[in-house]
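Working notes, beginning with the structure itself.
The values are calculated or read from the model by the stated rules, or taken from the named source; none is laboratory data. This is a predicted model, so every value here is computed, not measured. FYI the Cβ positions are ideal-geometry reconstructions off the backbone, even for glycines, and counts take in every protein chain you see. Protein only, heavy atoms only, side chains kept; ligands, DNA and RNA dropped before computing areas. Shrake-Rupley method; radii C 1.70, N 1.55, O 1.52, S 1.80 Å.
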Amino acid sequence: MKREEYLILTNNPLVLEKLGGTHKIVCRETSYEGILREVRDKIHEGHLLLSHPLSGSVKPNETPYKSVMISEERGAVDLRSLEIIENAIGACGKFEFRAGRYGEKVRKDFQLIDLTLLESGIASADA
């Protein structure tokens, strides 16, 4: 898959800093759940989910950062993508919000974890 064929939705400023010059990125100042809801809206517009919204071992609401890859092209609504993102949004409600309790160093660590998970997805998509 070529870089022009997907885009990244994120709330992680490190992703924008590191990949903004080489990838199409939509960066928002919003919560983890806010990014998932924006991804859901894009899926309703016909974009396809390309990376799992609950990737990694970090639970929703433990980290404030999330990056998700979706197709650039739109088509018919993909029901599997919609089911996955709806389940991910539902999972957010099952965990206590802790991300607001972290200091700057921990937030930076979570940014790096999110970036690393995303880079793994990008490597698979670009292969």
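Below 8 Å between Cα atoms, with a sequence gap of 6+, how large is the relative contact order for the chain in percent?
Dividing the mean separation by the residue count of the chain yields 32 percent.
Would you work out what percent of the accessible area of the chain, with all protein chains in place, is carbon or sulfur (probe 1.4 Å)?
Of the solvent-accessible surface of the chain, carbon and sulfur hold 51 percent.
Is the shape of segment 62-121 best called rounded, prolate or oblate, per the rule: a/c under 1.5 gives rounded, else a/b larger than b/c gives prolate, else oblate, with a ≥ b ≥ c the square roots of the Cα gyration tensor eigenvalues?
oblate
Amide H neighbours of Val77 under 5 Å, counting only residues 5+ apart in sequence or on other chains, H built in-plane at 1.01 Å?
Amide H neighbours of Val77: none.
At 37 °C and a viscosity of 0.692 mPa s, what translational diffusion coefficient does Stokes-Einstein give for the chain, taking Rh as the Kirkwood radius over Cα pairs? Give it in µm²/s as a whole number.
225
Can you list the residues, at least 5 places off or on another chain, whose amide H is less than 5 Å from the amide H of Val26, using H built in the peptide plane?
Ile8, Leu9, Thr10
Residue by residue through segment 106-120, what is 3J(HN,Hα) from phi via Karplus (6.51 cos²θ - 1.76 cosθ + 1.60, θ = phi - 60°)? Round to whole Hz and write x for glycine and proline.
Running phi through 6.51 cos²θ - 1.76 cosθ + 1.60 with θ = phi - 60° gives 5, 4, 4, 4, 5, 4, 5, 4, 4, 4, 5, 4, 4, 4, 5 Hz.
Determine ³J(HN,Hα), in whole Hz, for all residues of segment 45-58 in sequence, where each value follows from phi through the Karplus function 6.51 cos²θ - 1.76 cosθ + 1.60 and θ = phi - 60°; x replaces Gly and Pro.
In residue order, the calculated couplings are 7, x, 6, 9, 6, 10, 10, 6, x, 10, 5, x, 9, 7 Hz.
Counting other C-beta atoms within 10 Å, and keeping those with at most 12, which DSSP coil GluC sites (Glu not before Pro) do you find in segment 1-92?
Glu29, Glu45, Glu73
Step through the residues of segment 83-92 one at a time and calculate ³J(HN,Hα) from phi using the Karplus curve (6.51 cos²θ - 1.76 cosθ + 1.60, θ = phi - 60°), rounding each to whole Hz and writing x for Gly and Pro.
5, 4, 5, 5, 5, 5, 4, x, 5, 4
Restricting to DSSP H runs of at least four residues, report the calculated mean residue ellipticity at 222 nm for the chain, -39500 (n - 2.57) per run over all residues, nearest 500 deg cm²/dmol.
Mean residue ellipticity, 222 nm, calculated: -14500 deg cm²/dmol.
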